[in-house]
Amino acid sequence: MSAYEYLKQKAYECNMELPKHGLVIYTFGNVSCFDKEKGVFAIKPSGVPYEKLNPDDIVIVDLDNRIVEGSLKPSSDTKTHTVLYNNFPEIRGIAHTHSTYATAWSQAIKPIPILGTTHADHLTTDIPCTKVMSDEAIKKDYEYETGILIIETFKNLSYEEIQMVLVACHGPFTWGVTPEKAVYNSVILEELAKIAYLTKQINKNVNQIKDALINKHYKRKHGIDSYYGQNSIVKNNNKFSGGSNE
Ligand SMILES: [Zn+2]
């Protein structure tokens with residue numbers, strides 16, 4: 001039995017969450033799960049549709065992009081995941097989709113503005129969008145350069161506070177302290193993208209939500225003084241559902 005069985009099972013289950021939440025069609029998207037101690041991550045194989053995917057198809061890759069275990073080719077986006085694991089030391093999972101609304105903002109090359117409390121429940125800033133990749137970088141090593149573009153975007157931002165990004169002209173990547181949290185962030189991002197789009201349709205001149213509301217909503221769910229849900233009893237016990245809305 002493989003030493004990575006647990007990691008492959010987890011990656012399988014997390015990948016299957018993407019079609020379940022309507023975030024991907026056909027072979028689009030991928031989730032990876034990182035085991036920092038072993039220095040490897042499990043990722044979806046390239047070009048395998050979700051309905052045909054099973055745990056044994058999941059590929060184990062190290063942080064130099066070498067296949068450690070698996071008979072299939074890993075996702076074509078593997079190098080992007082490697083760059084993120086190498087530069088964002090606290091993350092243990094990454095999800096990538098082409099979910100409709102988040103991808104529309106990516107294609108528009110616009111950050112998603114923070115307009116309401118649903119957004120402020122999860123983060124206190126706009127959701128950033130990368131620059132458009134240069135021709136030179138596209139020709140060089142496209143998937144690696146996609147990772148570099150994300151790292152550059154976070155030069156002055158906290159990847160721990162903002163666990164999502166739009167890659168210009170492409171689509172969203174999200175991450176988290178667990179792979180389940182990375183997937184959860186993809187689901188939330190799509191909802192925030194949709195709500196922001198609709199809000200702008202109703203009133204294109206709408207202003208950013210005011211700071212007092214941002215702080216109130218973010219802080220009641222995050223940090224030492226959080227009191228939302230059962231947090232006062234069991235603090236941050238469930239990272240997967242953390243930040244949920246009712
Ligand atoms: Zn993609």
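List of remarks:
- Scattering curve values for the range 1-140, log₁₀ I(q)/I(0), Debye with Cα scatterers, q = 0.10 Å⁻¹: -0.38
- Taking trypsin sites (Lys or Arg not before Pro) across the range 1-87, the ones in a DSSP loop with at most 13 further Cβ atoms lying within 10 angstrom of their Cβ are Lys36, Lys38, Arg66.
- Measuring how big the range 133-225 is from its alpha-carbon positions, Rg and Dmax come out at 16.1, 48 Å.
- Gaussian network model of the chain, Cα within-10 Å springs - most flexible of Lys181, Lys139, Lys194: Lys139
- Toward the positive end of the charge dipole of the chain, with +1 on the Cβ of Lys and Arg and -1 on the Cβ of Asp and Glu, the farthest Cα among Ile25, Ile195, Asn207 is that of Asn207.
- Computed from phi, the 3J(HN,Hα) profile of the range 55-68 under the Karplus parametrisation 6.51, -1.76, 1.60 (θ = phi - 60°) reads x, 5, 7, 5, 9, 9, 10, 9, 6, 9, 6, 8, 6, 8 Hz, with x in place of Gly and Pro.
- Cross-link partners of Lys194 among lysines (Cα-Cα below 16 Å; sequence separation of 8 or more within a chain): Lys110, Lys204
- Whichever aspartates and glutamates have a C-alpha closer than 19 Å to that of Lys140, once near sequence neighbours (fewer than 8 apart) are set aside: Asp64, Asp77, Glu152
- Heavy atoms of Ser76: accessible area, 1.4 Å probe, square angstrom to 10: 70 Å²
- With all protein chains modelled, accessible area of His21 [1.4 Å, Å²]: 90 Å²
- For the chain, the spherically averaged projection of the C-alpha convex hull amounts to 14.1 nm².
- In loop segments of the range 16-101 as defined by DSSP, the GluC sites (Glu not before Pro) with at most 12 further C-beta atoms inside 10 Å of their C-beta are Glu37, Glu90.
- Average accessible surface area per residue within the range 1-136, 1.4 Å rolling probe, Å²: 46 Å²
The values are calculated or read from the model by the stated rules, or taken from the named source; none is laboratory data. Just so you know, these numbers come straight off a predicted model, no measurement behind them. All Cβ positions, even for glycine, are placed from backbone atoms using ideal geometry, and neighbour counts span all protein chains on display. SASA here: full protein model, heavy atoms, side chains in, ligands and nucleic acids out. Shrake-Rupley method; radii C 1.70, N 1.55, O 1.52, S 1.80 Å.
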